[in-house]
Amino acid sequence: NLVRWVWYLAEAALEDESTQLNGILVIGFDDGPFSFSQFDRKLESKIMHLGVECMPVRWIAVHHFFDSKVHEMIVPFILFMVGKTLRSRFIIYPGSKRHTRLDKLEQVGMPRDILPKVMGGDDEFDVCEWMEERKAAGK
């Protein structure tokens, strides 16, 4: 369930005291073909409600990269759902190809060495391995 996954990630991030003080920065990217039939308005609404109104999280910024005309139609609805404060922290990169992301993120202070390989960075982060480690630790 995607909503539970988002909740779990936020709780895991909040275990770190520095995250509680400094806040969370989200990087979203969509590489694959995306069709309007894949957009679930109710699910997006739940996730936005959960993230904005229910979680004790300081959202620093949301950087969203996409290369889809469908996203260009959907993003205004998502921005409407998140409210004024988070909307002002939502940075969108329409038409952003994979090779341009790193430069754009480095311009805002996120160097290649902290970004995962799936985004073109150097970090070897493996989400499945991370989940197994947390499961073994009883988290």
Can you name the residue in the stretch 1-19 that is in a loop (DSSP other than H, G, I, E, B) and at pLDDT 75 or above and, of all such residues, is farthest from M131 (Cα to Cα)?
D16
With the requirement that a residue be closer than 20 Å to F39 by Cα and buried (at least 17 other Cβ atoms within 10 Å of the Cβ), what does the stretch 57-80 give you?
V62, H63, H64, F65, F66, D67, S68, H71, I74, I78, L79
So the check is Cβ under 6 Å with 6+ separation or different chains; which pairs have a first residue in the stretch 20-49 that's open to solvent by 50 Å² or more (accessible area, probe 1.4 Å) and in a helix (DSSP H, G or I) and a second one that's among the aliphatic types (A, V, I, L, M) and at pLDDT below 75?
none
Among (1) in contact (Cβ under 8 Å) with a residue 24 or more places away in the chain; (2) open to solvent by less than 90 Å² (accessible area, probe 1.4 Å); (3) under 16 Å from the mean Cα position of the chain (by Cα), V127 falls short only on (1)
Single condition V118 does not satisfy, out of (1) more than 16 Å from V26 (Cα to Cα); (2) modelled with pLDDT under 85; (3) open to solvent by 60 Å² or more (accessible area, probe 1.4 Å):
(1)
So, in the stretch 1-19, exactly how many residues are open to solvent by less than 30 Å² (accessible area, probe 1.4 Å) and over 15 Å from W59 (Cβ atoms)?
1
Looking only at the stretch 108-139, which residues are of a type in the set (D, E, K, R), part of a loop (DSSP other than H, G, I, E, B) and under 24 Å from E11 (Cα atoms)?
E124, D126, K139
Can you tell me which of (1) of a type outside the set (K, R); (2) surrounded by fewer than 16 Cβ atoms within 10 Å (Cβ to Cβ); (3) modelled with pLDDT under 85 is the one S96 doesn't meet?
(2)
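From L86, L105, grab the single residue that is open to solvent by less than 90 Å² (accessible area, probe 1.4 Å), part of a helix (DSSP H, G or I), in contact (Cβ under 8 Å) with a residue 40 or more places away in the chain and under 22 Å from A13 (Cα atoms). Explain how you work it out, then say what you get.
Values: L86 fails: in contact (Cβ under 8 Å) with a residue 40 or more places away in the chain.
Exactly one residue qualifies, and that residue is L105.
The values are calculated or read from the model by the stated rules, or taken from the named source; none is laboratory data. Everything quoted here is computed from the prediction, not taken from an experiment. Virtual Cβ from ideal backbone geometry, glycine too; neighbours counted across all protein chains shown. Surface accessibility is based on the protein's heavy atoms, side chains included, excluding ligands, DNA and RNA. Shrake-Rupley method; radii C 1.70, N 1.55, O 1.52, S 1.80 Å.
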